[in-house]
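Each remark here refers to the structure printed beneath this line.
Just so it is clear, none of the values below were taken in a lab; they were calculated from the coordinates. What you see is a predicted model; the values in this text were computed from it and never measured. Backbone-built Cβ (ideal geometry, glycine too); neighbour counts: all protein chains shown.
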Amino acid sequence: MASWQEIDRVRKDPKGFRALAKALRAQFSADLTDWEKDFLEAIAGRAGKEEFTTRQSEKLLQIRDDYTSVDKLPGGFSVRIVLEQCKQARLELSQNDEQWILQSYERSPTTIKRKHFGRLMRCARELQIIEEEYVD
């Protein structure tokens, strides 16, 4: 999660703000939601030296953070180990979660996007790979 200082710094740098929006749009185009795509396009296409709002800055940095790959989960758990164990026990999950685990593993067996670690933690708890006391 972005700090207030980072949010404020990015907000006051329109050129850097637009460049980050363009880079995120190019790098994560296939994974972005329609709203995220529209937001990034609107920001990237905006001209001038006018500063952005705090809320716009928060959303831009949230998109950046959500699509960052992580290899550790809260509590210090390894994504590689938890994902592998979930894959092995996936038949005990709902069909949607089973498919999601397989897709996540095929995409990368060692990392996961930050925005998805909550779902992986939920699946791991359901399969009793991670105990309930480890809260996100």
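Observations, loosely collected:
- Residues in the stretch 60-82 that are of a type in the set (D, E, K, R) and either within 16 Å of S3 (Cβ to Cβ) or within 8 Å of the chain's Cα centre (by Cα) (or both): R64, D65, D66.
- Going through (1) of a type outside the set (A, V, I, L, M, F, W, C); (2) within 15 Å of V10 (Cα to Cα); (3) touching a residue at least 24 places away in the same chain (Cβ under 8 Å); (4) not in a loop (DSSP other than H, G, I, E, B) one by one, E50 falls short only on (4).
- Flag if C123 is assigned to a helix (DSSP H, G or I), crowded, with 17+ Cβ neighbours inside 10 Å and more than 18 Å from the chain's Cα centre (by Cα): no
- Number of positions in the stretch 89-106 that are surrounded by 12 or more Cβ atoms within 10 Å (Cβ to Cβ) and either out of contact with any Cys (no Cβ under 7 Å at 6 or more places or on another chain) or not aliphatic (A, V, I, L, M) (or both): 10
- Answer residue from the stretch 32-47, given it is touching a residue at least 12 places away in the same chain (Cβ under 8 Å) and either in a helix (DSSP H, G or I) or exposed (fewer than 12 other Cβ atoms within 10 Å of the Cβ) (or both) and is nearest to the chain's Cα centre (by Cα) among those: E36
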